[in-house]
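As structure tokens, the structure follows; a few thoughts come after it.
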Amino acid sequence: MTQIDETDDHVETLLDEMTLREKAGQLAGTYVGTLEETRTLDDAEEMVREDGIGFVTPFGYGASPHRDSAEVVEIANELQRIATEETRLGIPILIPVDAIHGNAYVEETTVFPHNLGVAAARDRDLVEQIGAVTATEVAATGSSLTYGPTCDVVRDPRWGRTFETFGESPYLCGELAAAKARGIHRAPVDVAAMAKHFPAYGEPERGEDASPVDKSLSSLYRDFLPPFEKVVAEGIEGIMPSYNSINGEPSHGSNYWLSQILRDELGFDGYVASDWNGINMLHQNHRVTRTQRESVFRSFTAGVDVHSLGETDHIDHIVSLVESGDLDESVVDTAVRRVLQLKTDVGLFDDPYVDAAESAETLGTDDNRTVALDAARKSMTLLKNDEGRLPFDPELDELLVTGPNADELTHQVGGWSLKEADELDGTTIREGIESVVSADTAVTYERGAGIDESDDLDAAVSAAEDADAAVVVLGENWYLHEFGPQDVNGPTERFPNRAQLTLPEAQQELLEAIIETGTPTALVLVSGRPLAVSWAAEHVDAIVQAYYPGADGGRAVAETLFGEHNPSGKLPISVPRSEGHLPVRHNYLPHPHPIGPDEHLPSYDPLWAFGHGLSYTTFEYLDLSVSAESVVEDSEISVSVTVENTGNRAGEEVVQLFGGREYSSVVTPVEELIDFTRISLASGEETTVEFDVPTDAFDVVHPDGTSRFEPGTLSLRCESLDASVEAVEH
């Protein structure tokens, strides 16, 4: 998408012609569907026609009843017709959608793996492709704005939105969020991107969604802001604040975060829209205002331009605030100018309509789904493979496939997607296995357990006893936010929930019973969070983390299990041994051991570490070297390492470079991921990988949030190899 730095003349002309109420209308949105209240398509059309509302979400999110791809195009075109032909100034509306992993709330679209799985692939070019495909399919349904990329850094894996993130590393999250933004912008369509959830959402108290984040400024600047800095540098058009409070101040009402930091410090010049009902939460939940009018005033003066669900109440309050003298109309003009410029940049004033025939030819094409399948393949993370249990022989006589996620496409795609299997087009893991094994292999499927209830365990055990191998597919189901909604997943205390990262009893019982038969077994985990499967880590020979692999992920899992694909994914998040081991993350802060280190359990003792991931071949790392003995501020550190494929088959490897400081004036992480790249090597082949790391990757973040270059020894690690370089003053 081509951005325009200067405000278009026609925007200023239009702004001069607008009444105060017309301006306010551009800053309010509505929806179609049932949230706390029901809004019909007729309601939305009336608000566009009578109130000049600027944003409508009639589809592309969970509560909308409109999912059919042809129908949503008709809806988008009719809303645009009303906006352009039946309002005084003919200003088109903007239709935002939740396209978290593809335009997945619309039928016949491409549904990618969720971000956590994509992060395991460690492939910037792939993420750009995903962004471009997503933008193309979003535009094909009549939308011009996607809520993404997600910039949240998850630091508590109990959180129900973990799977939406790119993991626990600020660097990894920033690199992939920036790649997603580039992909959206490079698409041959005009779609804007909205990064979320600013400024810090991924370490909520108790792991509870939208609960407070109380963190030092040094942590906020070091651990949470870097991804937002990178997407702002990529020209992101929109920012969405987080629902929670930061150090006692709700994001939606914080002038400090939305104006002083986001605009003045980071240089963001786009528009800010509320996360759905985030403005009303100021008085309803945070209790920092008393009325909706006060919430509108506080959020607006803080820096929120648009109330995504504001409707006519928001319009009325803005008009009242200006007319009473409490709010200067120039502040309203600034927000409206941003909205009108965005609508100009995405081409809505030129042509707001979608061609239905072109839309049908664009959605879910073979090329697009190939990108999704590639992403699923590259995300497959082999956690354990004792005795070379995998890959299985595709010529097996008999195979058992069991578990609640073996034949459930809804569970496989995860939340922020259509949740009815008959609305989805894809391949389950069971179907994928049946397609890759020999035609002579007898594949038996027994569910064996539901997510948290038993289901004919005896039949699964009997089939395992007769089988040459078993594939057990366990994990989590489809959910959103705090593991809801209840009409899908039942009472909130049911698994999954934030109190439990271990497998529920029914799934654990199934796994133990299959292992007890002695049949060679592989465990596949389909989940949105890293599950604490300590028993499995000890007793199951082969374990594959599949994350939520998307609609075509069943094929990718099957190819991995039977050797057509050699796994290369690397964990984007540490896997804890239990909930009691939390927090567990690779970039922890060092600390004293007052009565000796032997009296402490390890500070970082995951079941599997961040960056872990095996292959069916082996790679040897040689000769980690640095080109110079010392570096100065604002320079680069040239690092090289040789990698050789010492196994007997070709494979891809993600080379990961970690860095830290031996000493600094304040406490800094023991190490952090500072670069990565993906390579492909034939058996016996070797290559030299080179990294150019900017010295600011080692800058020290101080208690006031400022970062500074400091002299001292900088440490580097690549697998088991270490090197160092001295940072010196000019």
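The values are calculated or read from the model by the stated rules, or taken from the named source; none is laboratory data. Quantities reported herein were computed from a predicted structural model and do not represent experimental measurements. Every residue, glycine among them, receives a Cβ derived from its backbone with ideal geometry; neighbour counts consider all protein chains shown. To get the accessible areas, we keep the full protein, side chains included, count just its heavy atoms, and leave off ligands, DNA and RNA. Shrake-Rupley method; radii C 1.70, N 1.55, O 1.52, S 1.80 Å.
With 0.36 nm allotted per residue and the present C-alpha distance subtracted, the Glu86-Glu294 stretch has 71.6 nm of extension available. Computed about the Cα centre, the dipole magnitude for segment 180-226 is approximately 360 debye when only Lys and Arg (+1) and Asp and Glu (-1) carry charge, each at its Cβ. For Lys570, the solvent-accessible surface computed with a 1.4 Å probe is close to 10 Å², ligands and nucleic acids excluded.
Kirkwood analysis of the chain, using all unique Cα-Cα pairs, places the hydrodynamic radius at 26.6 Å. Applying the Karplus relation 6.51 cos²θ - 1.76 cosθ + 1.60 with θ = phi - 60° to segment 361-367 yields 3J(HN,Hα) values of 7, 9, 6, x, 5, 4, 5 Hz, where x marks Gly and Pro.
Within the same chain, aspartates and glutamates fewer than 8 places from Lys384 are excluded, and of the rest, those with a Cα less than 15 Å from its Cα are Glu538, Asp541.
Counting every Cα pair in segment 218-273, what percent are over 18 Å apart? Value for segment 218-273: 26 percent of Cα pairs lie more than 18 Å apart. Electrostatic tally near Arg293: other residues with Cβ closer than 13 Å to its Cβ, Lys and Arg +1, Asp and Glu -1, net -3. Within straight-line reach of Lys23, meaning a Cα separation under 27 Å, sit the following lysines at least 8 residues removed in sequence or on another chain: Lys196, Lys343. Amide H contacts of His565: Thr560, each under 5 Å away and 5 or more positions distant or on a separate chain (H built 1.01 Å from N in the peptide plane; Pro and chain starts excluded).
Once label points are set 7 Å from the Cα along Cα→Cβ at both Glu629 and Ser680, what is their separation, rounded to one decimal in nm? Inter-label distance under the simple model: 4.2 nm. Under 5 Å between amide hydrogens, built in the peptide plane, is the criterion, and for Leu35 it picks out nothing among residues at least 5 positions away or on other chains. Think of the chain as a dipole: +1 on every Lys or Arg Cβ, -1 on every Asp or Glu Cβ, centred on the Cα centre; then among Ser664, Ser144, Trp276, Ser664 lies furthest on the positive end.
If the chain linking Glu398 and Asp351 were pulled fully straight, counting 0.36 nm for each residue of separation and taking away their Cα-Cα distance, it would gain 11.1 nm. Whole angstrom only: what separates the Cα centroid of segment 325-369 from the Cα centroid of segment 415-487? About 40 Å separates the Cα centre of segment 325-369 from the one of segment 415-487. Per-residue 3J(HN,Hα) values for segment 110-120, derived from phi via the Karplus relation 6.51 cos²θ - 1.76 cosθ + 1.60 with θ = phi - 60°, read 8, 10, 7, x, 5, 4, 4, x, 4, 5, 5 Hz in sequence order (x marks Gly and Pro). Label separation (Glu662 vs Leu622): 2.8 nm, computed from points 7 Å beyond Cα along the C-beta direction. Distance from the C-alpha centroid of segment 376-409 to that of segment 260-291: 46 Å, rounded to the whole angstrom. Basic side chains Lys and Arg get +1 at the Cβ, acidic Asp and Glu get -1 at the Cβ, and with that the dipole of segment 365-498 about its Cα centre reaches some 760 debye.
Each of Tyr616, Ala628, Val584 was placed along the dipole of segment 558-646 (beta-carbon charges, centred on the mean Cα), and the one lying farthest toward the positive end is Val584. Solvent-accessible area of the chain (1.4 angstrom probe, protein heavy atoms only): carbon and sulfur portion equals 43 percent. Taking the Cα atoms only, what angle lies between the long axis of helix 505-516 and the longest principal axis of the chain, rounded to 10 degrees? Rounded to the nearest ten degrees, it is 20. The order of Ile261, Ile515 by accessible area, most exposed first and with a 1.4 Å probe, is Ile515, Ile261. Counting only aspartates and glutamates at least 8 places from Lys419 when in the same chain, those with an alpha carbon closer than 15 Å to its own are Asp68, Asp98, Glu107, Glu108, Asp407, Glu408, Glu476, Asp487. Once you reduce segment 213-256 and segment 70-101 to the center of their Cα atoms, the two points are 30 Å from each other. Within the shell of other residues whose beta carbon sits under 11 angstrom from the beta carbon of Asp407, the net charge comes to -2, with Lys and Arg scored +1 and Asp and Glu -1. Past 24 Å, Cα to Cα: identify those pairs from Lys230/Lys570; Lys180/Lys570; Lys215/Lys570, in the order given. Among Lys230/Lys570; Lys180/Lys570; Lys215/Lys570, the Cα-Cα distance tops 24 Å for Lys215/Lys570. In the full protein context, the chain carries 36 Å² of accessible surface per residue, based on a 1.4 Å probe and ignoring ligands, DNA and RNA.
Mind checking the angle between helix 124-139 and the chain's longest principal axis? C-alpha axes, 0 to 90 degrees, to the nearest 10. For 124-139 against the chain, the angle is about 40 degrees. Under 5 Å from the amide H of Ile637 lie the amide H atoms of Val693, Thr695, each residue being 5 or more positions distant or on a separate chain, with H modelled from the backbone and absent for Pro and chain starts. Positive end of the dipole of the chain (Cβ unit charges, origin at the Cα centre): among Pro594, Ala536, Pro504, the Cα lying farthest that way belongs to Pro594.
Helix 292-302 versus the longest principal axis of the chain: what is the Cα-based angle in degrees, 0 to 90, to the nearest 10? That works out to roughly 80 degrees.
When the residues Asp68, Asp269 are ordered by accessible surface, computed with a 1.4 Å probe over the protein chains alone, the sequence from largest down reads Asp269, Asp68. These residues, His283, His10, go from largest to smallest accessible area, 1.4 Å probe, as His10, His283.
Full extension of the segment from Gln260 to Ser324, taken as 0.36 nm per residue of separation minus the current Cα-Cα distance, would add 20.4 nm.
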